[in-house]
Amino acid sequence: MTAPAVHPFLMSVLREADRDHLLRLAPEDGEWEEVTRDAATHGVLPLVYRALQRSDLVPALPPWVVDRLRGGAVVVAARNLMLFSELRVILRAFEDRQVSCAPLRGLALAEQLYGDITARPMGDLDLLVQKEDLAHVATILRERGFRAMDRRPGFAEAFSYTLEFLKEPGGSVIVEPHWTITYPPFVDTIDMRAIWRRCTRGRVVGVDTWVLRTEELVLHLCLHVAHRNGAAPLLWLYELDRLLRREAEAFDWQQFVSFARQAKLEPLILRVLRQVQALFVTPVPADVLERSALAPPSSSEGRWVRLLGQQSRVDGKESFLVFFALKGLRAKLRYAFALLFPSPAFMLTHYGLTRRRQLGPAYVRRVCRLSWESLKGVVALLS
């Protein structure tokens, strides 16, 4: 995993450098385009705008830069307020039905770290639920006007880690109910009953609900970074630093490492922490970082961890690894068919198709791409 390449001025803003230092690093006129683009790409534009306001640097910026930063922050705020309203209703519905739910990342993290739901962009609403409650979860979301999206009926519940629901009227909102804090092919390697026993009650968007303990949240955020395989935005790494600094005194590193080992992803998780520490000098104990040299429990899992940890060009590594992790020919064939040939409704939604006659060429492109990426995955595993 390599550090995101961004302009030094942007990194200095996030590292909370003083005003004089920022003035010395202030970009030339021709570099501001790169700075604003990086800020938007890496999800930190609202945070950068707020930091520049606090440092009283806004008057020193070119007017068009201020307009771009302010405009980007306003767009994020508008969408987050819409998501805020939707999440409040969903969480109240879960509470009324006594369905356990803990919001993941998104608005919950924005409130926890910044006390402001408009401080970070977000694409959807992620919720942690219990797998045995999925039928109740689906009913509640359908009553709210959401429709399920899946490659084939039952595919997500059998092979994935989350369901997906979409509501389009009044703005596109996606809700993803997760039943694990890990990702494929390791969704069953951690005891989620133990995670739920450690959850506490708290308030998110003004609603009483369940919240993860900090150790499990950091574990999940590390895996979320690894899930993107080197393409994670800088925001995710920055927030890991903020969270660990905020909870430094109370954070139980022994418990964290125990969960990481149980998930069989200790080297991958600690590799993410080393990246965060290198970027932001995050207070992670040296003895914890040194554990990244430990080997995974088995040779097969070791190969999977190495592939997931590489910044290679194998798209959809998790889908590729799930296929090899599945036991039984029938399960493998069912999985491969649904992956290569999702339902027409799924294709129309995810590929932005407007006519059914576009499905044929889209299926051909999908099969060719996934076949090529699978070939690269086999080579990566063997090497």
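Looking at 180, 209, 139, 200, which one is under 24 Å from residue 331 (Cβ atoms) and of a type in the set (S, T, N, Q)?
180
Take residue 54 and tell me if it is over 23 Å from the mean Cα position of the chain (by Cα) and of a type in the set (D, E, K, R).
For residue 54, the condition - over 23 Å from the mean Cα position of the chain (by Cα) and of a type in the set (D, E, K, R) - is met.
Looking at this structure, is residue 166 closer than 22 Å to residue 265 by Cα, of a type outside the set (Gly, Ala, Ser), at pLDDT 90 or above and part of a strand (DSSP E or B)?
Against the criterion (closer than 22 Å to residue 265 by Cα, of a type outside the set (Gly, Ala, Ser), at pLDDT 90 or above and part of a strand (DSSP E or B)), residue 166 does not qualify.
I'd like the full set of residues that are hydrophobic (A, V, I, L, M, F, W, C), in a helix (DSSP H, G or I) and modelled with pLDDT under 90, limited to segment 275-298.
If the condition is that a residue be hydrophobic (A, V, I, L, M, F, W, C), in a helix (DSSP H, G or I) and modelled with pLDDT under 90, then 286, 288, 289, 293 are the ones that fit.
Out of segment 331-371, which residues are within 24 Å of residue 148 (Cβ to Cβ), loosely packed, with under 14 Cβ neighbours inside 10 Å, more than 28 Å from the chain's Cα centre (by Cα) and not polar (S, T, N, Q)?
The answer is 333, 355, 356.
Residue 217 versus (1) more than 27 Å from residue 89 (Cβ to Cβ); (2) modelled with pLDDT of 95 or more: which is the lone unmet condition?
(1)
Going by the conditions given, is residue 218 closer than 23 Å to residue 179 by Cα, within 15 Å of the chain's Cα centre (by Cα) and not small (Gly, Ala, Ser)?
yes
Does segment 327-363 hold any residues that are of a type in the set (A, V, I, L, M, F, W, C) and either more than 22 Å from residue 165 (Cβ to Cβ) or assigned to a loop (DSSP other than H, G, I, E, B) (or both), and which are they?
Residues satisfying the conditions are 329, 331, 333, 336, 337, 340, 341, 353, 359, 362.
Under 6 Å between Cβ atoms, at least 6 apart or on separate chains: pull out the pairs that start in segment 355-366 with a residue that is in the same structural domain as residue 343 (by TED's automatic domain parsing) and end on any residue that is among the hydroxyl-bearing types (Ser, Thr, Tyr).
So the pair list comes out as 362/351.
Out of 123, 106, 115, I need the residue that is surrounded by fewer than 20 Cβ atoms within 10 Å (Cβ to Cβ), in the same structural domain as residue 195 (by TED's automatic domain parsing) and without any contact (Cβ under 8 Å) to a residue 24 or more places away in the chain. Which one?
115
If a residue counts only when it is acidic (Asp, Glu) and modelled with pLDDT of 95 or more, which helices (runs of 4 or more DSSP H) contained entirely in segment 13-80 have at least 3 such residues?
none
Among the residues of segment 126-163, which ones are in a loop (DSSP other than H, G, I, E, B) and within 21 Å of the chain's Cα centre (by Cα)?
130, 149, 150, 151, 160, 161, 163
The values are calculated or read from the model by the stated rules, or taken from the named source; none is laboratory data. Since the structure is predicted, the reported quantities are computational estimates derived from the model, not experimental observations. Using ideal geometry, Cβ is built from the backbone for each residue, glycine included, and neighbour counts are taken over all protein chains shown.
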